[in-house]
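In what follows, a structure is listed as structure tokens, so that the remarks can point back to it.
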Amino acid sequence: GPTRIENCVMLCRPCHRLIHHSDWEVRLDSGRPEFIPPGWIDVERKPRQRPMVHLLDIA
């Protein structure tokens, strides 16, 4: 989509290149990024999100 603060996702350099130069897609769902793998990885192209468990680890 268009470049706007509301639709930005922080990615490391290798992941950024992967999104732009492969069949991976990224979209926002309620403000959380979803990564959609190419069909050769997942025929159904089921979106994947990073679990929020890491945000709760306050140890």
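The values are calculated or read from the model by the stated rules, or taken from the named source; none is laboratory data. These numbers come from a predicted model, not from an experiment. For neighbour counting, all protein chains shown are included, and Cβ atoms are generated from backbone atoms with ideal geometry for every residue, glycine included.
Any idea which of (1) acidic (Asp, Glu); (2) modelled with pLDDT of 90 or more; (3) over 13 Å from the mean Cα position of the chain (by Cα) is the one residue 57 doesn't satisfy?
(2)
Please find, within segment 15-44, the residue that is modelled with the lowest pLDDT out of those that are under 19 Å from residue 5 (Cα atoms) and of a type in the set (Val, Ile, Thr).
Here the answer is 19.
How many residues are surrounded by 10 or more Cβ atoms within 10 Å (Cβ to Cβ) and either aromatic (Phe, Trp, Tyr) or in a loop (DSSP other than H, G, I, E, B) (or both) when one looks only at segment 1-18?
At the first step, the residues of segment 1-18 found to be surrounded by 10 or more Cβ atoms within 10 Å (Cβ to Cβ) are 7-9, 11, 15-18.
Add one more test, that the residue is either aromatic (Phe, Trp, Tyr) or in a loop (DSSP other than H, G, I, E, B) (or both), and what stays is 8-9, 11.
Residues meeting the conditions: 3.
Cβ contacts < 7 Å: first residue of a type in the set (Lys, Arg), restricted to segment 1-22; second residue modelled with pLDDT of 85 or more and assigned to a helix (DSSP H, G or I), any location; separation 6+ or different chain. Result?
As it stands, the answer is none, since no pair meets every condition given.
Going through segment 19-33 one residue at a time, which ones are more than 18 Å from residue 46 (Cβ to Cβ) and outside any helix (DSSP H, G or I)?
The first filter runs over segment 19-33 and keeps only residues more than 18 Å from residue 46 (Cβ to Cβ), leaving 20-21, 31.
21, 31, listed by residue number.
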